[in-house]
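Student: Input: one structure, supplied below.
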């Protein structure tokens, strides 16, 4: 009986730790992706402003 409880405790503990680490890693990756996407949009806006490119914003938003 104690080995069953010990196995269950180890499985729950390992699952909890791995779940926490997966969530932490996903949060970090999401922040990096959001920052890169934001910088890309800012670069598009700047290049459009100085006339290097022409961006049809309605095509991007619609």
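Student: Can you tell me the equivalent ellipsoid semi-axes for the chain? Use √(5λ) from the Cα gyration tensor, largest first, whole Å.
Tutor: 51, 11, 4
Student: According to a simple spin-label model (label point 7 Å from Cα along Cα-to-Cβ), what is the distance in nm between residue 36 and residue 21?
Tutor: So the label points at residue 21 and residue 36 sit 2.3 nm apart.
Only the coordinates and a few stated rules stand behind these numbers; no lab work does. Since we're looking at a predicted model, the values are computed, not measured. Quick reminder, even Gly has a Cβ in these numbers, built from the backbone with ideal geometry, and neighbours come from all protein chains shown.
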